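What follows is a set of notes on a single structure, which appears directly below.
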Amino acid sequence: MNCHGSSRAPVGLAASGTEPMSLVKLALIFLAAHVATAIYFLFDRAPGTAAALYGLPLDDAWIHMVYARSLAALQGFAYNPGQLETGSTSPLWAILLAPAAFLARAFGISVVVPAKVIGIGTGLAASLGGARAARALGLGQAAQVVVGLAIAFDPGLAFAQVSGMEVMLAAALALWTVAELAAERIWSAAIAAALAPLARPEMMLIALPVLAAIEWRMHRQRARPAMRLLVLVPLLVGVGGWMLYCQLVTGYPLPGTFYAKFKSQPEIFSHNVVLIVGQVLPAWPWFARGLGFGLWGVGGFVLWRRGLPGVLAATFPVAYLLAAASSQYISQAWPFYWQRYWLPALPFILLSVTAGAAHLVSWAWQKRRASWAPARAMVAALLILGPLVALPSAVGRSANLYAWNCQNIDELNVAMAKWLRDHAAPGETIAVTDAGAARYFGEHPVLDLMGLNNHRLLHRDGATAAALANINLVASFPALVPHLRTSSAWQPIHRVTTSHLTICDCPQSELVAYRRVEPR
C-alpha cells in the first residue's frame, strides 16, 4: 500500500518547480513566530502586574511541576514524598518538565520561566509537525509555511504554549505521527504513535489507526511477522508500561484523573456537541463569521483524496472533539480552563483550513482568464482573508486573559500555599481541593480531596469523610465544601481573594483555610 496516497501534483502554490524549503529554514521562521507570540503574552500587563511572566494560568500546571520535581529528584511519580500516584494525565509532559525542575532546584530559581521555554519548544515542534504533514501530503511549500505560522499565531495555541500544560506536546506528537506515516517513515511514525497517548490519553484516537495502517502496509509488502510485531513494541512498552504502573499503584489501569473527572452520559454528550458547534468553533478566529467552516470543508475534501494519511488528518479533529465531548460536562466555551480539552484538535483543523485555502488559490488562478475570473478571485479572497481580520484582536484578548489567569492563580492558589507553608504545624497534613500550588510551595503532606492525586478517595463511598476525620486543616473554595461553612467544628482562619476572576465563570473568587476547633 502506498501510504502517501495520490501521485497528483501538489495543491496550490506548490506546483512551481522550486526546491522545497529546508527543515532548518522552516524551524527558524517558526521559532521566530513562537518566540514573538510568547513575548507578547509573557509581557502583557493587563492586571497591572508581571504575573504573566512569573505565574502560571492554572493550578493544574503546578501539579505537573510537582511530578516534574519528584522525577528530577529521582523519586518517581510521587505526589507527596514517598507517595507514588497517577495524578498526571500527561506523564510525558512531566518528564519533559523535569529539567526545568532540576534547574530550579540547582540554581534556586523559579521553575516557571524554564518550563515556559520548554513549552515554546513544543509549540515549535507542533508547527514543524504541521509543515511536515503538509509537505508529505503534497500541499506545497506555501502551505507548509502557512500552517506552521497559523499554529504559532493562533491565540488559543499561543496561550497553551506558555501555560505549563501539555496541549502543544500532544498536538505536536499527533501531527508528527500523521506526517511520518504520510512520508512512509514507518518506524518514526510508530514511535510518535507510541508517545502521543503519553501526552494525552485521547491521542490513542490517532495512534491506533496509524499503527493499523502500518500493519496493513507491511502485510501488503509481505513483511516478516517478527518485523510487524516489532512495530508495536514502542506502544506496548510506552502505553502498556504506564498502564501497568497505574494498575500497580492504584489498582486502576488509567490515571486517577480519568476516574475523578470522567462522566459519560447522553445528555452531557449532546450538551457538549451543541457547545462545540455553537460556541467553541465560532470563538476561534479562523471561523469568524462562519467563513472558516467553508475552508475546513474544502480542505477536508482535499486531504481525504490524498490517501489514508490524508483521511486520518481530515477525520481526527472530528473524532477528537466528539471523544472530548463524551468525557465530561463542559460548562463554558471561552476560558482556557475548558479550552485546553479542545485545543489539541485545532492544529489539524488548521491543516485542513490551509489545504482549503491553497486549493481555492489554485482554483482562482487556473480560471484567471475565464469570464467570471474576478468573481472567483473575490470569493477566494473573502474566504481566505476574512478569518484573518479577527486574528489580531483575538490574540490581544487571549494575551489579556492569560495575564489575568496568572494573576488569579497568584492571588489565590499561590498566596494560600505560601500561607499554609508558613502557618501549618510541622508535618501536619493539609486537605485541599486544588492540589497543585499547595503541594509545590509547601513542605507539608497534602491530601487531595478531589482524588486526582490520592487514589484512595476514588470510587469509595465515605472515603472522603473518613479522610477528613483525621485532618485539622483544610484549604478550599467554600462552594466546594459547603458543610465547613456551617459546621461549628470548623473555623475559617485565613482568606485570600481575587477581585477579577477570569479562570472560569464560577464561585471561586475566594479561597479559605479552615481549622478544626472541636474534637473529632
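Using a Förster distance of 30 angstrom, determine the FRET efficiency expected from the C-beta separation of Arg220 and Leu322, and round it to 0.05.
0.50
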Cα centre as origin, Lys/Arg/Asp/Glu Cβ charges: the stretch 386-520 dipole, Debye: 180 debye
Antiparallel DSSP beta bridges within the chain, percent to nearest 5: 70 percent
Surface share of carbon and sulfur [accessible, 1.4 angstrom probe, percent] for the chain: 65 percent
A correct Karplus calculation of ³J(HN,Hα) over the stretch 195-212, with 6.51 cos²θ - 1.76 cosθ + 1.60, θ = phi - 60°, whole Hz and x for Gly and Pro, returns 7, 4, x, 7, 8, 8, x, 5, 6, 4, 5, 9, 5, 5, x, 5, 5, 5
Tell me, in nm to one decimal, what length is gained between Ser371 and Ser110 on full extension, where the rule is 0.36 nm per residue of separation less the Cα-Cα distance? 87.6 nm
Dipole magnitude of the stretch 91-205, debye to nearest 20 (Cβ charges: Lys/Arg +1, Asp/Glu -1, about Cα centre): 200 debye
Of Tyr440, Pro234, Ala100, which is farthest towards the positive pole of the chain's charge dipole, taken about the Cα centre with +1 and -1 on the beta-carbons of Lys, Arg and Asp, Glu respectively? Pro234
Spin-label zone in the stretch 104-140 - amide nitrogen under 16 Å from a point set 7 Å from the Cα of Leu74 along the C-beta vector: 106
Selected from Val167, Gly82, Ala431, residue furthest toward positive end of dipole (the chain; charges at beta carbon): Val167
Taking DSSP loops as anything outside H, G, I, E and B, show the longest stretch in the chain free of GluC sites (Glu not before Pro) there with at most 16 other beta carbons within 10 Å. 185-427
Here the gain from full extension of Leu388 to Ala465, 0.36 nm per residue of separation minus their alpha-carbon distance, amounts to 22.4 nm
Rounded, prolate or oblate (a/c below 1.5 giving rounded, otherwise prolate when a/b exceeds b/c) for the stretch 172-322 by Cα gyration tensor: oblate
Note: Leu236 to Arg45 extended length (0.36 nm per residue) minus current alpha-carbon separation gives 64.1 nm
Grab the DSSP H runs of the chain that are 4 residues or longer, score each as -39,500 (n - 2.57), total them, divide by all residues and round the 222 nm result to the nearest 500 deg cm²/dmol. -19000 deg cm²/dmol
Debye, to nearest 20: dipole size of the chain, +1 on Lys, Arg Cβ, -1 on Asp, Glu Cβ: 1520 debye
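The values are calculated or read from the model by the stated rules, or taken from the named source; none is laboratory data. Note that the structure is predicted; figures quoted are calculated from it, not measured. Note that each Cβ is placed from the backbone with ideal geometry, even for glycine, and that neighbours are counted across all protein chains shown. With ligands, DNA and RNA removed, areas are computed over all heavy atoms of the protein, side chains included. Shrake-Rupley method; radii C 1.70, N 1.55, O 1.52, S 1.80 Å.
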